[in-house]
């Protein structure tokens, strides 16, 4: 899965995404570098609406239109931050968005965690080298005043597989326009979703401060030394 990611360069969003935008990117005052984007928070996405592609702010966590305004005390909106590529067309909540409302999710890295017993989960930060903005494959919904999105995930490549068996799907820049095109059918869209190469990505251990969504500062993506794992205790023979 993908539970946290980063978008640290404002200039990178414009440089990398401007080629596929037909209007100026309206990043404006609401945009700021993000070092720990977490579910339910607003984040930039590139969407196509009425033939115009633009950079807008959506909530991370796809909310189905039928639960945008639940009754008081009733069912809460589910938190659907990821959609598995293998089943995206099998679930009604994802299928409609995949067929008609695909988006690009600008990012320049993401986190995954190593779990060892009762120890605090240890995050690792995955990013392209040199640092640049990429686009995760996303789907979105627009229901009244709530605009939300989810990130598509697929099998992990060899770099990420050491930590987790899934990862966000990183689109090739040559596919950005096709991915946003509502005329592209589901089969054509699925064909764009391949396991990304690892040649120009790296992974590094980072501070466990990432684990708290309230933390959002540059120090979160600074590499640290690999944590020392104590050897297992040897049982007594007597």
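Here, each number is a calculation from the coordinates, and none is a lab measurement. Remember, it's a predicted structure, so these values are computed and weren't measured experimentally. Counting neighbours? That spans all protein chains shown, and the Cβs are built from the backbone with ideal geometry, glycine included.
Miscellaneous remarks
- Working ranking of peptides 102-113, 178-189 by packing, defined as the average number of other Cβ atoms within 10 Å per residue, highest first, is 102-113, 178-189.
- Computed from the C-beta positions of residue 113 and residue 15, the FRET efficiency with R₀ = 30 Å rounds to 0.45.
- Residue 146/residue 214 FRET efficiency (R0 25 Å; Cβ-Cβ; nearest 0.05): 0.65
- The stretch 5-221 shape via C-alpha gyration tensor axes, a/c threshold 1.5: rounded
- Residue 50 versus residue 86: modelled label distance in nm, points set 7 Å from Cα along the beta carbon direction: 4.1 nm
- Taking label points 7 Å from Cα along the Cα-to-Cβ direction, residue 190 and residue 129 give a separation of 3.6 nm.
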